[in-house]
Amino acid sequence: MQLSDSDMNAALVRELCSGRMFMEERQKVRELKCAQEAAIARDQKSKNWKLLAIMPQHENLIIGEKYGHECWQDKGFIQDFQRHHPELSVSKI
């Protein structure tokens with residue numbers, strides 16, 4: 001059985017969409033786990049260091065690529081991140 005070009009295109013679109021949805025669901029799970037870790041860390045303050053946020057490594061890499069990896073040295077950037085992602089924030093600056 002020979003598939004037509006339109007059938008092949010439709011199959012490819014379905015595959016790409018399902019792959020994108022799979023990646024989005026995996027990202028949601030990673031963010032949920034980090035939010036749970038952040039909630040635990042809020043209760044365990046350290047006198048030696050200050051944990052500001054917990055995030056998935058993939059998200060950290062994406063932010064670094066978009067804004068530059070030195071963005072985490074900018075106090076304003078961190079405050080903005082904490083404002084937009086309170087579930088991942090542990091301590092305020």
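For the chain, averaging the sequence separation of C-alpha pairs within contact (under 8 Å, six or more residues apart) and dividing by the residue count gives a relative contact order of 33 percent. Compute log10 of I(q)/I(0) for the chain with the Debye formula, placing one identical point scatterer on every Cα and leaving out solvent, at q = 0.11 Å⁻¹, to two decimals. Computed log10 I(q)/I(0) values: -0.47. Across region 17-33, coupling constants 3J(HN,Hα) worked out from phi with the 6.51/-1.76/1.60 Karplus curve, θ = phi - 60°, read 5, 5, x, 5, 5, 4, 5, 5, 5, 4, 5, 4, 5, 4, 5, 5, 4 Hz, and Gly and Pro carry x. A Förster distance of 22 Å, applied to the separation of the beta-carbon atoms of V29 and L61, puts the FRET efficiency at 0.80. Candidate cross-link partners of K28 among the lysines, defined by an alpha-carbon separation under 28 Å and a same-chain spacing of 8 or more, comprise K45, K50, K66, K75, K92. Taking trypsin sites (Lys or Arg not before Pro) in DSSP loop states with no more than 11 other Cβ atoms inside 10 Å as exposed sites, the chain has its longest site-free stretch at 1-44.
Every number in this text was worked out from the coordinates using simple rules, so none of it is lab data. Note that this is a predicted model, so its numbers are computed, not measured. We place every Cβ from the backbone using ideal geometry, glycine too, and count neighbours over all the protein chains shown.
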